[in-house]
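In what follows, a structure is listed as structure tokens, so that the remarks can point back to it.
Bear in mind these aren't lab numbers, they're just calculated from the coordinates by the rules spelled out. Just so you know, these numbers come straight off a predicted model, no measurement behind them. With ideal geometry, Cβ positions are generated from the backbone for all residues, glycine too; neighbour counts draw on all protein chains shown.
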Amino acid sequence: TPCDDFKIMQEAWNTMKNEEVEILYTVFKAYPDIQAKFPQFVGKDLETIKGTAEFAVHATRIVSFMTEVISLLGNPDNLPAIMSLLSKLGKDHKGRGITVKQFDEFHEAFHNFLHTHSVWNDNVDAAWHCNEKEIRKVINANLE
Ligand code: HEM
């Protein structure tokens, strides 16, 4: 299955994973309701907060989480670790009042970011979608 092509997914991600600030900026720009859930960013001008240390710190938290999960893919021994990371992410965000709909929005904006990178192609896309589907299932089950 395309899910087994996790290596091409990891290689593609490695070329983008240090664009933390651009990734969070893309998401906030497309969906101000996501920005509004952050006590430290609510009501502030996105262009201004983009350059702050706080913004970089939080962007790096999110993107490092993705890197951690993506790195663990492909080894069945890592499945319990992946499940526990994703369940915790879902539960912690549920506790903050964040919805599946907002994760869908995040997902869509994040994909717009991914697709604008030259490394993206049909093989990366297939591997990404297959793995992501499984990942989202676990997060959603804990958000609901
Ligand atoms: C869907 C919209 C999302 C909203 C509204 C949201 C909101 C938040 C908020 C308010 C915090 C706490 C910030 C703080 O304490 O300074 C947080 C923490 C965090 N978020 Fe999100 N988040 C979203 C999606 C995501 C996604 C997609 C990921 C990763 C794939 C993620 C990863 C994290 C991590 C790793 C933390 C820090 C650990 C924690 O406290 O749970 N978030 N998020």
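So, in segment 26-76, of the ones that are in a helix (DSSP H, G or I) and small (Gly, Ala, Ser), which residue ends up farthest from ASP4 (Cα to Cα)? The qualifying residue farthest from ASP4 (Cα to Cα) is ALA53.
Being among the aliphatic types (A, V, I, L, M), in a helix (DSSP H, G or I) and either in contact (Cβ under 8 Å) with a residue 60 or more places away in the chain or at negative phi (or both) is true for just one of ILE98, ILE82. Which residue is that?
Just one listed residue meets the conditions, ILE82.
All but one of (1) within 9 Å of the ligand (Cβ to nearest atom); (2) within 20 Å of TYR25 (Cα to Cα); (3) part of a helix (DSSP H, G or I) hold for ILE139, so report the exception by its number. The failed condition is (2). From the list PHE65, PHE6, the lone residue that is in contact (Cβ under 8 Å) with a residue 40 or more places away in the chain and surrounded by 12 or more Cβ atoms within 10 Å (Cβ to Cβ) is PHE6. Looking across segment 36-55, just one residue is farther than 21 Å from GLU105 by Cα and either surrounded by 14 or more Cβ atoms within 10 Å (Cβ to Cβ) or within 15 Å of the chain's Cα centre (by Cα) (or both), and that is THR52.
Residues in segment 110-119: is at least one within 11 Å of the ligand (Cβ to nearest atom), assigned to a helix (DSSP H, G or I) and not acidic (Asp, Glu)? Checking segment 110-119: at least one residue is within 11 Å of the ligand (Cβ to nearest atom), assigned to a helix (DSSP H, G or I) and not acidic (Asp, Glu).
With the requirement that a residue be in contact (Cβ under 8 Å) with a residue 60 or more places away in the chain and either of a type in the set (A, V, I, L, M) or crowded, with 16+ Cβ neighbours inside 10 Å (or both), what does segment 101-114 give you? Matches in segment 101-114: GLN102, GLU105, PHE106, ALA109, PHE110, PHE113, LEU114.
Please work out which residue is surrounded by the fewest Cβ atoms within 10 Å (Cβ to Cβ), limiting yourself to segment 12-35 and to residues that are hydroxyl-bearing (Ser, Thr, Tyr) and more than 10 Å from the ligand (Cβ to nearest atom). Step through it out loud before you land on a result.
Taking segment 12-35 first, the residues hydroxyl-bearing (Ser, Thr, Tyr) are 15, 25-26, 31.
Still in the running and more than 10 Å from the ligand (Cβ to nearest atom): 15, 25-26.
Values: THR15: 12, TYR25: 20, THR26: 19.
Ranking the candidates gives THR15 first.
Of all residues being free of Cβ contacts under 8 Å to residues at least 40 places away in the same chain and assigned to a helix (DSSP H, G or I) in segment 120-133, which is farthest from the chain's Cα centre (by Cα)? Just the residue, please. The residue in question is ASP122. For segment 88-98, a residue qualifies if it is more than 19 Å from GLN40 (Cα to Cα) and either among the hydrophobic types (A, V, I, L, M, F, W, C) or exposed (fewer than 15 other Cβ atoms within 10 Å of the Cβ) (or both), and the qualifying residues are LYS88, LEU89, LYS91. With respect to the conditions (1) under 18 Å from GLU11 (Cα atoms); (2) over 15 Å from the mean Cα position of the chain (by Cα); (3) not charged (D, E, K, R), VAL69 lacks only one, and its number is (2).
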